[in-house]
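Peer 1: Structure below; questions to follow.
The values are calculated or read from the model by the stated rules, or taken from the named source; none is laboratory data. Please read these numbers as outputs of a predicted model, since none were measured by experiment. As a convention, Cβ positions derive from the backbone with ideal geometry for all residues, glycine included, and neighbour counts pool all protein chains shown.
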Amino acid sequence: MKNWQSSLVPVTSTIKEAISIIDSSSCMIAVIVGQERKLLGIITDGDIRRAIMKGVSFSEPVTKIMNSSPLIISSKSTSKETFQIFQNTHIRHLPVVDDDGKILGIQVVDELHKTVKNDTIVVIMAGGLGSRLGNLTKDCPKPLLNIGNQPILETILDNFISDGFYRFYFSVNYKAEMIESFFGNGEKWGVDIRYIREKERLGTGGALSLMPETPENPVIVMNGDILTRVNFQRLLDFHNEYQSAATMCVREYDFQVPYGVVNIKDHQITKIDEKPVHTFFVNAGIYILSPESLRLIPQHSYFDLPDLFKELSKNKQKTVAFPIREYWIDVGHVDDFNRANGDYKHNFK
């Protein structure tokens, strides 16, 4: 087993403290314990995402969101029995307890099922004009602009590779030959890179209709101008846990009204909110799509992925949101480009 002791969290801890444990622990789980290490519950990355969507404060105690009845195994469980549980569920961690409920370890699925590479296909949308960046993209496609010490698209590729992914499609259009010349077939990075060549602009969804193969598993789709520290395996686990037709990454966005907002009822002023801040969840440009949802994308037509979510909702198919709590920036404007360069060293190297 991995260094499971680092995943133990006292029941008196806050959610914020549990997040720190999840992010730093090799097991990527927080195990809530009481006296004498008695198991009281667990918190996974998915539990944290659900708490964000519900507006739960990270200063709340861990008991607010912990799963107090997690699946467990005993120290007498065989590897075959344990692996069967992993196969029948979408969980990745099983606390090991003794007859008194004391935690003895954490079994992680990766330790039983050694999978070095992830067969999931990743599609990066890298064909945009980048016109909002002005002269920066006059002679260079946006994905090849250097942020830090390397192109945006190379940083995106590195992040996926570090999470075990190796099958990529780059959707290209504007100055496609420069992107293809730089990345080639991916041999330099030890991965497989192929290209979807848009002869006309098809949007973030329409380009997927040009894929030369029919995926058997969910596909990750990401805009090629986004830098983020999201763990893509956690995102895929979240999608599989919900058995969703499509998952959209979302990001909190705060908007402050620059005036005092006056509430009125029957011509009477009931309340004045001075420069209130409204919080929304916005599309973060990263998606996971099931093979079934891909079939709804029209062939060779302009189609954006938000339209696919509308279509799926209309058909009563499950779509879920994955809130991003990690670093994320959309390099859409010159100010964003400059900020990303300033952030790069702290977040990526």
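Peer 1: At pLDDT 95 or above, under 19 Å from residue 215 (Cβ atoms) and out of contact with any Phe, Trp or Tyr (no Cβ under 8 Å at 6 or more places or on another chain): is that true of residue 298 in this structure?
Peer 2: Spelling it out, it is not the case that residue 298 is at pLDDT 95 or above, under 19 Å from residue 215 (Cβ atoms) and out of contact with any Phe, Trp or Tyr (no Cβ under 8 Å at 6 or more places or on another chain).
Peer 1: List every residue pair whose Cβ atoms sit under 7 Å apart, with the two residues 6 or more apart in sequence or on different chains, where the first one lies in region 273-301 and is under 24 Å from residue 332 (Cα atoms) and the second, anywhere, is of a type in the set (Phe, Trp, Tyr) and modelled with pLDDT of 95 or more.
Peer 2: These pairs meet every condition: 284/328.
Peer 1: Got a number for residues in region 134-151 being under 14 Å from residue 334 (Cβ atoms) and in a helix (DSSP H, G or I)?
Peer 2: Residues in region 134-151 being under 14 Å from residue 334 (Cβ atoms) and in a helix (DSSP H, G or I): 5 in total.
Peer 1: Ok, one more. I'm told residue 284 meets every condition in (1) touching a Lys or Arg at 6+ places or on another chain (Cβ under 7 Å); (2) in a loop (DSSP other than H, G, I, E, B); (3) under 30 Å from residue 137 (Cβ atoms) except one. Can you identify the failing condition by its number?
Peer 2: (2)
Peer 1: I'd like the full set of residues that are farther than 17 Å from residue 322 by Cα and surrounded by 21 or more Cβ atoms within 10 Å (Cβ to Cβ), limited to region 287-305.
Peer 2: Residues satisfying the conditions are 293, 297, 303.
Peer 1: Could you check residue 5 against (1) surrounded by 15 or more Cβ atoms within 10 Å (Cβ to Cβ); (2) more than 19 Å from the chain's Cα centre (by Cα); (3) within 16 Å of residue 96 (Cβ to Cβ) and say which number it fails?
Peer 2: Condition (1) is where residue 5 drops out.
Peer 1: Still on this structure, please answer the following. Starting from residues that are among the hydrophobic types (A, V, I, L, M, F, W, C) and under 21 Å from residue 126 (Cα atoms), keep the ones in region 314-349 and report whichever is surrounded by the most Cβ atoms within 10 Å (Cβ to Cβ).
Peer 2: Filtering region 314-349 for residues among the hydrophobic types (A, V, I, L, M, F, W, C) gives 320-322, 324, 328-329, 331, 334, 337, 340, 348.
Right, trim to under 21 Å from residue 126 (Cα atoms) and you get 328-329, 331, 334, 337, 340, 348.
Details: 328: 17, 329: 18, 331: 26, 334: 13, 337: 23, 340: 23, 348: 17.
Among those that are among the hydrophobic types (A, V, I, L, M, F, W, C) and under 21 Å from residue 126 (Cα atoms), it is 331.
Peer 1: Taking only pairs six or more apart or across chains, which ones have beta-carbon atoms under 6 Å, a first residue in region 198-214 that is part of a helix (DSSP H, G or I), and a second residue that is small (Gly, Ala, Ser) and surrounded by 13 or more Cβ atoms within 10 Å (Cβ to Cβ)?
Peer 2: Once the first residue is part of a helix (DSSP H, G or I) and sits in region 198-214, its partners that are small (Gly, Ala, Ser) and surrounded by 13 or more Cβ atoms within 10 Å (Cβ to Cβ) give 207/171.
Peer 1: Considering only residues that are of a type in the set (Phe, Trp, Tyr) and within 18 Å of residue 282 (Cβ to Cβ), which ones fall in region 324-349?
Peer 2: 327, 328
Peer 1: Residue 222 - would you say it is at pLDDT 95 or above, among the hydrophobic types (A, V, I, L, M, F, W, C) and part of a strand (DSSP E or B)?
Peer 2: Considered against the rule, which asks whether it is at pLDDT 95 or above, among the hydrophobic types (A, V, I, L, M, F, W, C) and part of a strand (DSSP E or B), residue 222 comes out as yes.
Peer 1: Determine, yes or no, whether residue 82 is at pLDDT 80 or above, farther than 27 Å from residue 15 by Cβ and either among the β-branched types (Val, Ile, Thr) or not assigned by TED's automatic domain parsing to the domain that holds residue 17 (or both).
Peer 2: Taking the combined requirement at face value, the residue satisfies it.
Peer 1: Being exposed (fewer than 15 other Cβ atoms within 10 Å of the Cβ), at pLDDT below 85 and not assigned by TED's automatic domain parsing to the domain that holds residue 232 narrows it down to one residue among 76, 16; which is it?
Peer 2: Selected residue: 76, the only one of 76, 16 that is exposed (fewer than 15 other Cβ atoms within 10 Å of the Cβ), at pLDDT below 85 and not assigned by TED's automatic domain parsing to the domain that holds residue 232.
Peer 1: If you go through region 30-50, how many residues are in contact with an Asp or Glu (Cβ under 8 Å, 6 or more places away or on another chain) and hydrophobic (A, V, I, L, M, F, W, C)?
Peer 2: 0
Peer 1: For region 204-222, which positions are within 22 Å of residue 302 (Cβ to Cβ), buried (at least 19 other Cβ atoms within 10 Å of the Cβ) and not hydrophobic (A, V, I, L, M, F, W, C)?
Peer 2: Selection gives 204, 205, 206.
Peer 1: Out of region 223-268, which residues are β-branched (Val, Ile, Thr), over 30 Å from residue 174 (Cα atoms) and surrounded by 12 or more Cβ atoms within 10 Å (Cβ to Cβ)?
Peer 2: Matches in region 223-268: 257, 261.
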